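Each remark here refers to the structure printed beneath this line.
Nothing in this text is a laboratory measurement; each read-out follows from the coordinates by a stated rule. Keep in mind that what you see is a predicted model, and the values were worked out from it rather than measured.
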Amino acid sequence: IQTQGLRRLAIDLGQNPSDFMDRIAWKIPMRRLGSVDEVGDLVVFLVSEESRYITGTQVVIDGGSVIRSD
C-alpha cells in the first residue's frame, strides 16, 4: 500500500521513493501499489450492513500478489 511509511523506507535505504515504489509495483499483478483509500473502502464495506453475513474470514487486499506463481 502506498503510504508515507513506504516513502520513508525508500529514503532510509538511500533510494528514490518513486523508483522504489515502481519496482515494488512491477511485482504486483495489477502493476500498481494499492492506495490508502482502497483499504478504507474495504473497511467501510466490512463495517456496513452489506457485510452482515461475512464472518471469520481474511480479506486479502494486495492487488493479486498472493496468486503470483513466480
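Tabulated data for the structure shown
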{"quantity": "Filter result (aromatic (Phe, Trp, Tyr) and within 19 Å of Thr3 (Cα to Cα)) within segment 23-55", "calculated": "Trp26"}
{"quantity": "Count of segment 14-36 residues which are among the small types (Gly, Ala, Ser) and under 19 Å from Ile61 (Cα atoms)", "calculated": "3"}
